[in-house]
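K.L.:
The structure that follows is given in the form of structure tokens.
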Amino acid sequence: MTHVKPRRRPVAPLVVVLASSTLLAGCGVLPGGDGRKTVTLWLMKGSASPEFVERFTEDFEKQHDDIDLDVRIQEWTGIGAKVKKALKDDSGEGPDVIEVGNTQVAQYVDEGGLYDLTLESARDLGMDDWLPGLAEPGRFDNAQYGIPWYAANRVVIYHKDLFDAAGIKRPPRTRAEWLADTEKLNTGGKQGIYLAGQDWYTLSGFIWDEGGDLAKEHRGTWKGSLHAPAALRGMEFYRQLQALGQGPRDADEEHPAQTGVFAEGDVAQIIAVPGAARAIEEKNPGLKGKLGYFPIPGKTAGKPGSVFTGGSDLVVPERSDDHKGAVQLIEALAGKKWQTELARTMNYVPNKAKLAPAVAGEEGVAAMAVGAANGRATPNSPRWAGVEAKNPIKGYMTKVLNGGDPAAEARKASGRITDTLNVVAGP
């Protein structure tokens, strides 16, 4: 863990104040009788730059002159166990606000220890405008526990020269156009698209576009739904698109890394977050200035394709001794001013669609923001992590792409999802 303590406004007993705030972070009022208190924030490594953290801290403390903000940077490795421990910590020394992955909220709620922020969400935080892919996984049993902070999702990264050579003047806006353009691009030793056979996040978007889902809950029981007609239509579109390139049928997008394949220069498109362009250009500097971005097309031109929304939510431990200070901190982090700053600094999508103009000048992020408006998250079950660990979706995809019967294979995979989501935890 890295403990970030941005430079404070100079006061005479500076060394004493810093030492006290470090030792007593999260403990409430600091010594000295001035009524100041410390609010502790856990942020994940890489989520915000040190410069952003420093600017935010200085501004927040200026606006709240009774609060010292203590920002502690956490590593992703092992964070689940660390958060669970913090949620059970009633010593008064734990964090007051924690950044967590948006799909992790349900698990933490299920195990207990999160503060219900439903009232604050409706009254102070503008919940009606939040991106659904961040807001929905933060909600559990009709209560809001996770407050959307930032989003990231996949777009199509394309090779402009190959589009020009194929006579394609603008990016496709519908699925039908996308297939037709990709078929034009898939000639002369070029791959129209590199799409690995087990890119299940991309498949999820196609399934959602058709009105299906990976799993559905009814009266407390979850059932896998890959075998539903809508989900099968999503898989069929994936099969058609994947065939217009040479992506492996039995591997995901990281084996081999699709950025490396694209960097060779013979691939017209990949589906990835815009930040993947940096890895491509590092491997092949000759592609600088030749990469474009567009939202994953939907079934109609008026609505982009559904995408899996990754990103982070902010949560408050029930055992925090300063819920008021925690909410004030979240109001600032999730509010217009600092959402705009974060999006511009880190190339993220802000938590509300109406803030998307903040990133309009960045082509890749702008395309991501368009897609985020139609973003979704994985099924909001505390046991979904178990599905991803075993991931029967990947095996199902490979079998279908290799000629297996889609309905039969989907039903088998749905059964495995059902079994995993309904395992009863032991005592």
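K.L.:
Packing-wise, with mean Cβ within 10 Å as the measure, how do 148-156, 339-347, 390-398, 86-94 rank, highest first? Mind showing how you got there, number by number?
P.N.:
Working: 148-156: 26.3, 339-347: 18.2, 390-398: 20.7, 86-94: 16.0.
Peptide ranking by packing, descending: 148-156, 390-398, 339-347, 86-94.
K.L.:
Roughly how many whole Å is it from the C-alpha centroid of the range 318-393 to that of the range 95-168?
P.N.:
Comparing the Cα centres of the range 318-393 and the range 95-168, I get a distance of 4 Å.
K.L.:
When only alpha-carbon atoms are used, what values of Rg and Dmax, in angstrom, describe the range 358-404?
P.N.:
Gyration radius and largest Cα-Cα distance of the range 358-404: 16.6, 46 Å.
K.L.:
Still on this structure: Quick one: net charge around residue 404, please, counting Lys, Arg +1 and Asp, Glu -1 for every other residue with C-beta under 14 Å from its C-beta. Walk me through the intermediate numbers first.
P.N.:
Values: positive: 239, 249, 394, 399, 411, 412; negative: 236, 250, 405, 409.
Neighbourhood net charge equals +2.
K.L.:
Divide the volume of the convex hull of the Cα atoms of the range 271-421 by its number of residues and quote the answer in cubic angstrom per residue. Mind dumping the intermediate values first?
P.N.:
Working: hull volume 28.1 nm³, N = 151.
Considering the Cα atoms of the range 271-421, their hull volume per residue is 186 Å³.
K.L.:
Okay, moving on. Run the simple label-point estimate for residue 63 and residue 283 please: 7 Å along Cα→C-beta, distance reported in nm.
P.N.:
About 4.2 nm, to one decimal.
K.L.:
Right, another one. Which whole-number percent gives the relative contact order of the chain, counting Cα pairs below 8 Å spaced six or more residues apart?
P.N.:
Working: 832 pairs, mean separation 99.5, N = 427.
Across the chain, relative contact order equals 23 percent.
K.L.:
Let's test this: bin the Cα-Cα distances of the range 372-427 at 10 Å from zero up to the farthest pair and state each bin's percent.
P.N.:
It works out to 21, 41, 30, 7, 0, in whole percents.
K.L.:
Reachable lysines from residue 160, Cα under 18 Å, same-chain residues fewer than 8 places away excluded?
P.N.:
169, 184, 190, 283, 288, 290
K.L.:
Same structure again: If you take the beta carbon distance between residue 250 and residue 418 as r and set R0 to 35 Å, what does 1/(1 + (r/R0)^6) give as a FRET efficiency, to the nearest 0.05?
P.N.:
Numbers: r = 24 Å, r/R0 = 0.69.
E(calc), rounded to 0.05, equals 0.90.
K.L.:
Under 5 Å between amide H atoms, partner at least 5 residues away or on a different chain: which partners does residue 68 have, H built in plane at 1.01 Å?
P.N.:
37, 38, 39
K.L.:
Could I get the Rg over Rh figure for the range 79-161? Both from C-alpha atoms, Rh via Kirkwood, rounded to two places. If you can, show how the numbers build up before the last one.
P.N.:
Details: Rg = 15.6 Å, Rh = 14.4 Å.
Expressed as Rg/Rh, it is 1.09.
K.L.:
Any idea of residue 108's accessible area? Nearest 10 Å², probe 1.4 Å.
P.N.:
Its heavy atoms expose roughly 10 Å² to the probe.
K.L.:
Using a probe of 1.4 angstrom, how much of the accessible area of the chain is carbon and sulfur, in percent? Walk me through the intermediate numbers first.
P.N.:
Numbers: 9450 of 18610 Å².
Solvent-exposed carbon and sulfur of the chain make up 51 percent of the total.
K.L.:
Would you please give the residues with an amide H less than 5 Å from that of residue 307, counting only those at least 5 places away or on a separate chain, with H modeled from the backbone geometry?
P.N.:
When sequence neighbours closer than 5 places are left aside, the close amide H contacts are 375, 376.
K.L.:
Could I ask something else about it? Hey, which lysines would be in cross-link range of residue 88, C-alpha to C-alpha under 28 Å, not counting anything within fewer than 8 residues on its own chain?
P.N.:
Residue 88 reaches 5, 37, 45, 324.
K.L.:
Cα to Cα, under 18 Å, and not fewer than 8 places away if on the same chain: which lysines meet these conditions relative to residue 354?
P.N.:
Cross-link targets: 303, 336, 337.
K.L.:
Moving to a separate point now. Divide the volume of the convex hull of the Cα atoms of the chain by its number of residues and quote the answer in cubic angstrom per residue.
P.N.:
On the way: hull volume 63.1 nm³, N = 427.
Dividing the Cα hull volume of the chain by its residues yields 148 Å³.
K.L.:
Hey, what do the phi angles of the range 73-84 turn into as Karplus ³J(HN,Hα) couplings, whole Hz, using 6.51/-1.76/1.60 and θ = phi - 60°, x for Gly and Pro?
P.N.:
Each residue of the range 73-84 in turn: 8, 10, 7, 5, 4, x, 5, x, 5, 5, 5, 4 Hz.
K.L.:
Still on this structure, I have one more. When the helix-only estimate is applied to the chain (DSSP H runs of n ≥ 4, each -39,500 (n - 2.57), divided by the residue count), what is the mean residue ellipticity at 222 nm, nearest 500 deg cm²/dmol? It would help to have the intermediate numbers written out before the result.
P.N.:
Numbers: 18 runs with 170 residues, N = 427.
Mean residue ellipticity at 222 nm (helix-derived): -11500 deg cm²/dmol.
K.L.:
While we're looking at this one, here's another question. Mind ranking 53-60, 319-326, 265-272 by how tightly packed they are, going by the mean number of other C-beta atoms within 10 angstrom, highest first? Working shown, then result.
P.N.:
On the way: 53-60: 17.9, 319-326: 19.4, 265-272: 23.2.
Result, highest mean first: 265-272, 319-326, 53-60.
K.L.:
So, one more: What residues have an amide H closer than 5 Å to that of residue 144, excluding those fewer than 5 places away on the same chain, when H is modeled at 1.01 Å from N in the peptide plane?
P.N.:
117, 118
K.L.:
Can you give me the distance in nm between label points at residue 81 and residue 411, each placed 7 Å from the Cα along the Cα-to-Cβ direction?
P.N.:
So the label points at residue 81 and residue 411 sit 4.2 nm apart.
K.L.:
Highest first, please rank the peptides 113-123, 224-234 by the mean number of other Cβ atoms sitting within 10 Å of their residues.
P.N.:
In descending order of packing, they fall as 224-234, 113-123.
K.L.:
Taking a spot 7 Å from the Cα of residue 388 along the direction of its beta carbon, which residues of the range 75-104 have an amide N less than 19 Å from it?
P.N.:
The answer is 75-85, 98-104.
The values are calculated or read from the model by the stated rules, or taken from the named source; none is laboratory data. Predicted model only: the values in this text are computed from it and were never measured. Here the Cβ is made from the backbone with ideal geometry for all residues, glycine too, and neighbour counts use every protein chain on show. Side chains are part of the model used for accessible areas, which takes the heavy atoms of the whole protein and leaves out ligands, DNA and RNA. Shrake-Rupley method; radii C 1.70, N 1.55, O 1.52, S 1.80 Å.
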